[in-house]
Amino acid sequence: MAVEITEDFVWQVIPPRPRESHKGTFGTVLAVAGSASYRGAALLAAEGALRTGAGIVTLASVEPVLAAAAARLPECCLCPCAAGADGGISPESIPFIQRQKATVLLLGPGLGGTAQSAARAAETRVLVQRLLPGFAGSAVLDADGLNAAAQLLAEGKALPHLTGELILTPHPGEMARLTGLSVAEISADREKIARQYAKKWNVVVVLKGSRTVVAAPDGRACVNPTGNPGLARGGSGDVLAGMTAALLACRLPAFEAASCAVYLHGAAADRAAALCGEYGMLPHDILPQLGRMFAENQR
Ligand SMILES: NC(=O)C1=CN([C@@H]2O[C@H](COP(=O)(O)OP(=O)(O)OC[C@H]3O[C@@H](n4cnc5c(N)ncnc54)[C@H](O)[C@@H]3O)[C@@H](O)[C@H]2O)[C@@H](O)CC1
Ligand SMILES: Nc1ncnc2c1ncn2[C@@H]1O[C@H](COP(=O)(O)OP(=O)(O)O)[C@@H](O)[C@H]1O
């Protein structure tokens, strides 16, 4: 049985920021995210990363996404990409994206896929196939990035690997696409499935939903007790992906970064629900509550 993540664990793992620190101490998250259809996903992921302590956050995306980011998130650096199929990021921009300084890569939120067109899905696959292998740091693969990886696995290709650690953040629907199992099979024993595939793929698996399971390739696993059905709406996962990438950038190991991110995301969402209700809360309401928790714990 996996242990539950506790508040004590989280504040033991996330250190106070050393007085002598500078932005380089807390890494650079490069978020490759967003498309004409999903502008908000990129903004929620970037703001999640900014509000969870990353030293620098750079958003690589297409112009309409960057225009929204520039208006809403002036702290975010921008890497303008050419538009490809259906207003998503064109693979033409890969060399430019690869030249950006980054210690952590966040790949996937809002990139678009088969919901837009076969051409969009193919371009998103190319982004995943070319940006992950050989990346010099650690990475978080989320949302349409996971759907692209699922297509690669279905074709018998290996999951692309990088120099650091890789975190996958599937909900049960995405996990079903990645594994070829049904959602019912996954839901029947979430812990077993998360552990099995963390080992098989040599990644940290964050199997999301009520009582999210985090599993590491070395056999460690934990379950998140925080969060509520107010999170069951589009955009909640994008915030979590950004938060996870930021904790990686702050040099937490992947299992610890994922465990702390899911705990804090859920705990902040519980505070948001207390204020707005599970019906009324929105994913971006998580972020001010998260700030209060950092402040209360002198972080
Ligand atoms: N404002 C925005 O820009 C938003 C953009 N989003 C982006 O939109 C893209 C596609 O997301 P979608 O929500 O369309 O696609 P998903 O793959 O998340 O969901 C599609 C379908 O998968 C199944 N599914 C989803 N969650 C499940 C679960 N927990 N258990 C079982 N089955 C489940 C459901 O049948 C669902 O309709 C992603 O790149 C995402 O980042 C979304 O996050 C929503 C908000
Ligand atoms: N009933 C629930 N209880 C606790 N957490 C939930 C619940 N439903 C969803 N969540 C959380 O909300 C987030 C939803 O992410 P995801 O399904 O990827 O949505 P999206 O990609 O649209 O943002 C995950 O972190 C998940 O664990």
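Computed from the coordinates by the stated procedures, all read-outs in this text should not be read as laboratory data. This structure is a prediction, so every number in the text was calculated from the model and none was measured. Positions of Cβ are generated from backbone atoms using ideal geometry, with glycine treated the same way; all protein chains shown enter the neighbour counts.
Listing for the model above:
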{"item": "Residues of the stretch 182-206 that turn out to be surrounded by 16 or more Cβ atoms within 10 Å (Cβ to Cβ) and more than 12 Å from ligand 2 (Cβ to nearest atom), as a count", "result": "11"}
{"item": "Considering residues of the stretch 131-156 that are in a loop (DSSP other than H, G, I, E, B), away from ligand 1 (no atom under 15 Å from the Cβ) and in contact (Cβ under 8 Å) with a residue 12 or more places away in the chain only, the residue nearest to ASP218 (Cα to Cα)", "result": "GLY137"}
{"item": "Output for the stretch 20-52, where each listed residue is within 16 Å of ligand 2 (Cβ to nearest atom) and part of a helix (DSSP H, G or I)", "result": "ARG39, GLY40, ALA41, ALA42, LEU43, LEU44, ALA45, ALA46, GLU47, GLY48, ALA49"}
{"item": "The stretch 258-280: number of residues that are buried (at least 24 other Cβ atoms within 10 Å of the Cβ) and farther than 26 Å from PRO16 by Cβ", "result": "0"}
{"item": "Scan of the stretch 267-284 for residues that are without any contact (Cβ under 8 Å) to a residue 60 or more places away in the chain and within 19 Å of ASN224 (Cβ to Cβ), ordered by number", "result": "ALA268, ALA269, ASP270, ARG271, ALA272, ALA273, ALA274, GLU278, MET281"}
{"item": "Cβ pairs under 6 Å, 6+ apart, first in the stretch 96-108 and in contact (Cβ under 8 Å) with a residue 40 or more places away in the chain, second acidic (Asp, Glu) and within 16 Å of ligand 1 (Cβ to nearest atom)", "result": "GLY108/ASP142; GLY108/ASP144"}
{"item": "Candidate set: the stretch 210-244, residues that are over 18 Å from PRO288 (Cα atoms) and among the small types (Gly, Ala, Ser); chosen: the one farthest from ligand 1 (Cβ to nearest atom)", "result": "GLY219"}
{"item": "Single match in GLY209, GLY242, GLY230, GLY237 (criterion: crowded, with 24+ Cβ neighbours inside 10 Å, within 10 Å of ligand 2 (Cβ to nearest atom) and either over 26 Å from THR163 (Cα atoms) or not basic (Lys, Arg) (or both))", "result": "GLY237"}
{"item": "Residue among LEU153, LEU141 that is of a type in the set (A, V, I, L, M, F, W, C) and crowded, with 23+ Cβ neighbours inside 10 Å", "result": "LEU141"}
{"item": "Lone unmet requirement of (1) in contact with a strand residue (DSSP E or B) (Cβ under 6 Å, 6 or more places away or on another chain); (2) surrounded by fewer than 17 Cβ atoms within 10 Å (Cβ to Cβ); (3) of a type outside the set (Asp, Glu) for LEU30", "result": "(2)"}
{"item": "Test: residue in the stretch 97-116 that is closer than 17 Å to GLU63 by Cα, among the polar types (S, T, N, Q) and either in contact with a helix residue (DSSP H, G or I) (Cβ under 8 Å, 6 or more places away or on another chain) or within 16 Å of ligand 2 (Cβ to nearest atom) (or both)", "result": "no"}
{"item": "Positions within the stretch 231-240 being under 15 Å from TYR38 (Cα atoms) and in a helix (DSSP H, G or I), in sequence order", "result": "SER236, GLY237, ASP238, VAL239"}
